[in-house]
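The values are calculated or read from the model by the stated rules, or taken from the named source; none is laboratory data. Owing to the predicted nature of the structure, the values given are computational and were not obtained by experimental measurement. Heads up, the Cβs are rebuilt from the backbone with ideal geometry, glycines too, and the neighbour counts pull from every protein chain shown. With ligands, DNA and RNA removed, areas are computed over all heavy atoms of the protein, side chains included. Shrake-Rupley method; radii C 1.70, N 1.55, O 1.52, S 1.80 Å.
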Amino acid sequence: MAAVLSACGGGASPPPPVTVTPPAEPPPPVTPPVVVEPPPVTPPVSPPVITLPDWYTLYNHCEHPATGQTQGTLNDELHWVYSYVDEVYLWYTELPKLNMADYKTPLDYFSVLKTTAVTPSGRAKDRFHFTYPTDVWEAMSGAGVELGYGVTWSHTASGVLPRVWAVAMVEPGSPAESAGLRRGDALLSVNGVDMQDTSTEGVAAINAALAPAKAGDSYPFVLSRGGVSQPVTLTAAKVTAAPVQNFKLLASASGTVGYVQFHDHNAVAESQLVDAFTRFKSAGVSDLVLDMRYNGGGYLVLAAELAYMIAGPDTTRGKVFEQLHRNDKQRVLSPQLFDATAAGLSPKLMARGSALPYLGLKRVTVLTTPATCSASESLVNGLRGADIEVTLIGGETCGKPYAFTPTPNCGTTYFSIEMQGANNKGFGDYADGFAPTCKVDDDLAHEMGDTSEGMLAAALNYRATGVCPATPLRNRSLKSSPLQVERPQGKQIAIRLR
């Protein structure tokens, strides 16, 4: 290539040498420095401060502690009472302004820590605010055990003279039965004191015998039967009551009628009701007379079970037996449905989840008095909410659409109204009681279950004819106005299980 170029140049001088400078290499790319951000700092979160009410923190802080309790003061117990009532009481906004320091015992303080309002009829709005020694309450509600003679008395109202006290019911196997007492026996004297004695000493002596302090206490009683004096001595004992008695079958032109005395919604009653309804079902019972004239209430779940055993699944499926409403400080409760299985209130007698027998009735007749209360009234209201026809024969019921959760502290169990119940239709306003379909007085001249007894006779007649007795039957042998039943306050309640 060089020779050729020279020849073409025509002999001219060669060009000066050219120095070629190679291009500079580009600088290597510069990687920007990596800036490492520090991790975000989360400020420490303080756990929420939960302030428990005094009735939690002062639970079993007792002025006189028993085993398992904590040494506290009277002030601790008084603060516990106020905190408990202020938190759960249905009408807490109506509590009176009281000076806690004025009260020397928690029981005195609790007794007045309630609303002072009245119902439209003039009754006290809260007639069911009371306490029990915890051991007494547990024995009574769980096993049906009660200190006494095993007799239920009917009597004239307090302050009414002449006083009339008569035997309404005698517990089987009780000291009263052993002494020969019978329904209708009228009390003439107690503890050596005439029943008409109005002196302070005489009244105290009568009360001491009617409400014995401990098992083994004995007192003389004189009763009258058919005009003949009946002197007896009664010795107090821990009596186990039979809440379900005398269930039997009554023949009628339109089918077999079942009759059962049901006296208490306690734990023992669950298995006894199942026994009664199993027999009724096998006998093809087409109608039922439920004698609850002395039933003051008890466990609501048992009322829901009994309602199912009466009505059956077709009528009650998906319906509310009772919805309990609490104050605005409390969470909304799940409704109590009609229960097709047992709650197992006394597991030794009835297993939880056991299927319940049922009759599938469209109507039921209930014998009632003012002693028919609380859970018994819930049964009536719950059945009516499911469109079961409920006929009431006897007297108006006590008027208690309320429920408690029994709450113990320092050896005392407190009962403060927490809830008001309503049925599937939303009705629960019966604070003045349910009126009877037929008004008939309790007939103490005949045994309960006797078809000649006034209330049962009226029930059977109304069932057959739809006609009430022309005039109310009276306790003619006693020549008195209608009597009221003497019952412990703990037997006039509706209890919700926690």
Worksheet item: Of the heavy-atom accessible surface of the chain (probe 1.4 angstrom), what whole percent is carbon and sulfur?
Response: 57 percent
Worksheet entry | Extension gain (nm, one decimal) between residue 63 and residue 389, 0.36 nm per residue minus Cα-Cα | 112.1 nm
Worksheet item: Largest first, how would 419, 100 line up by accessible area (1.4 Å probe)?
Response: 100, 419
Fill in: Exceeding the 24 Å Cα-Cα cut-off - candidates 248/319; 214/400; 97/329
248/319; 214/400
Item to complete: Please list, or write none, the aspartates and glutamates whose alpha carbon is within less than 17 Å of the alpha carbon of residue 281, excluding same-chain residues fewer than 8 places away.
Response: 270, 305, 314
Worksheet item: Under a 1.4 angstrom probe, counting protein chains only, how are 354, 378 ranked by accessible area, largest first?
Response: 354, 378
Fill in: Alpha-carbon centroids, region 200-220 and region 87-159: separation in whole Å
22 Å
Worksheet item: Quick one: accessible area per residue over the chain, 1.4 Å probe, rounded to a whole number of Å²?
Response: 49 Å²
Worksheet item: Given 0.36 nm per residue, what is the gain on full extension from residue 468 to residue 92 after removing their alpha carbon distance, in nm?
Response: 131.0 nm
Response to the item:
If the chain between residue 108 and residue 254 were fully extended at 0.36 nm per residue, the gain over the current Cα-Cα distance would be 46.9 nm
Worksheet item: Can you work out the FRET efficiency for the pair residue 429 and residue 351, with r the C-beta to C-beta distance and R0 = 41 Å, to the nearest 0.05?
Response: 0.65
Discussion item. Probe radius 1.4 Å, ligands and nucleic acids left out: which of 206, 50 has the largest accessible area, and how do the rest follow?
Written reply: 50, 206
Practice prompt. Specify which labelled value, from (i) 4, 16, 24, 23, 13, 4, 2, 1, 1, 1, 1, 2, 2, 2, 1, 1, 1, 0; (ii) 4, 20, 29, 26, 14, 5, 1, 0; (iii) 4, 21, 33, 28, 12, 3, 0, 0, agrees with P(r) over Cα pairs in 10 Å bins from 0, in percent derived from the coordinates of the model shown.
Written response: (i)
